[in-house]
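Derivation of every value follows stated rules applied to the coordinates shown; laboratory data play no part. On a predicted model such as this, the values are computed, not experimentally measured, just so you know. Neighbour counts run over all protein chains shown; Cβ positions are idealised from the backbone, glycine included.
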Amino acid sequence: MTWEFMLENLPRVANEFWTAAGSATVFAFHGEMGAGKTTTIAALCAAKAVDAPASSPTFSIINEYGYEENEQAKKIFHIDLYRLKDDEEIEATGVADCVSSGSICLVEWPGKAPWLFDRSALHVVITPLSERQRRIRLLSHNEFTTNSFEEDL
Ligand SMILES: Nc1ncnc2c1ncn2[C@@H]1O[C@H](COP(=O)(O)OP(=O)(O)O)[C@@H](O)[C@H]1O
Ligand SMILES: [Mg+2]
């Protein structure tokens, strides 16, 4: 699935994204600095009507959001691996536990720990087309690993 959209249409794209994502829970967000990973993740959280985060996304590696779906309390983890140095540090933060928890995990800088992503993960490739326009590709693990999207990463 591919979207090309302006910033003002991101809320609509976020709703379509969740429909396209089906029952997947782990999402790896690829794209250069400033591509729109954090902005897109914020819109995806808003589309699920999450509660305010307990902590500021700027300072923590893992941000947990609560939301309700089918009258059940659920969680979304927004994880940013950017500042983590090595596998040991990644282990210590509990990121792997989040990824295997069954809750939705939206992960920035997945290249820091590719071993976190198995075949059930979906990959989100964000490409700037102009100042306010972006392309988002939602790919299966197989599509991501067998096609060459290098020009976008
Ligand atoms: N269509 C768009 N979708 C997402 N972000 C956009 C779009 N157009 C412009 N932007 C801007 O691009 C910037 C992306 O920053 P950010 O989300 O922090 O990037 P990243 O997390 O990939 O480093 C934000 O300032 C955002 O407002
Ligand atoms: Mg970011």
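Please work out the FRET efficiency for the pair S100 and R132, using the Cβ-Cβ distance as r and a Förster radius of 30 Å; give the result to the nearest 0.05.
My answer for the efficiency is 0.25.
Calculated from DSSP H runs of 4 or more alone, at -39500 (n - 2.57) each and per residue, what is the 222 nm mean residue ellipticity of the chain, nearest 500?
Helices in the chain give a 222 nm mean residue ellipticity of -7500 deg cm²/dmol.
Only Cα pairs under 8 Å and at least 6 apart count here; give the relative contact order of region 89-153 as a rounded whole percent.
24
Treat each spin label as a single point 7 Å out from the Cα along the C-beta direction, and report the N147 to Q72 distance in nm.
Label at N147, label at Q72, 3.1 nm between them.
Looking only at region 1-32, which residues have a backbone nitrogen under 14 Å from a spot 7 Å from the Cα of Y82 in the C-beta direction?
Answer for region 1-32: 29-32.
Give me the extension gain from M33 to F5: residue separation times 0.36 nm, minus the current Cα-Cα distance, reported in nm with one decimal.
Stretched fully, the M33-F5 segment lengthens by 8.2 nm.
Between region 103-134 and region 1-67, what is the separation of their alpha carbon centroids in Å?
Value for the Cα centre distance between the two parts: 10 Å.
Could you please rank K85, K37, placing first whichever residue has the fewest other Cβ atoms within 10 Å of its Cβ? Mind showing how you got there, number by number?
Working: K85 8, K37 22.
So the ranking, lowest neighbour count to highest, is K85, K37.
Compare the Cα positions of Y65, T146, S23 along the charge dipole of region 2-148 (+1 at Cβ of Lys, Arg; -1 at Cβ of Asp, Glu; about the Cα centre) and return the one farthest towards the positive end.
With unit charges placed on the Cβ atoms, the residue in question is T146.
Taking Cα pairs under 8 Å and at least six residues apart, what relative contact order does the chain come out at, in percent?
32
What is the distance, in nm, between label points placed 7 Å from the Cα along the Cα-to-Cβ direction at R12 and at E91?
The answer from the label model is 4.8 nm.
Among DSSP beta bridges lying fully in the chain, give the percent that are antiparallel, nearest 5.
Details: 20 of 33 bridges.
That works out to approximately 60 percent antiparallel.
Place +1 on the Cβ of every Lys and Arg and -1 on the Cβ of every Asp and Glu in region 27-135, take the dipole about the Cα centre, and give the residue among G94, I126, I79 whose Cα lies farthest towards its positive end.
Positive-end residue among those listed: I126.
Cα-based count: Lys pairs in the chain below 18 Å, eight or more positions apart or different chains?
Value for the chain: 5.
Counting other beta carbons within 10 Å of each residue's own, what order do R135, R83 fall into, fewest first?
R83, R135
What are the extents of the Cα atoms of region 2-148 along their three principal axes, in Å, largest first?
That works out to 39, 38, 28 Å along the principal axes.
Charges at C-beta only: +1 for Lys and Arg, -1 for Asp and Glu. How large is the resulting dipole of the chain about its Cα centre, in Debye rounded to 20?
340
Let's see if you can work this out: charge +1 on each Lys and Arg Cβ, -1 on each Asp and Glu Cβ, no other charges. What is the dipole magnitude of region 10-83 about its Cα centre, in debye to the nearest 20?
Taking the Cα centre of region 10-83 as origin, the dipole is about 160 debye.
Got a sec? How would H123, H141, H78 order by Cβ neighbour count within 10 Å, fewest to most?
H141, H123, H78
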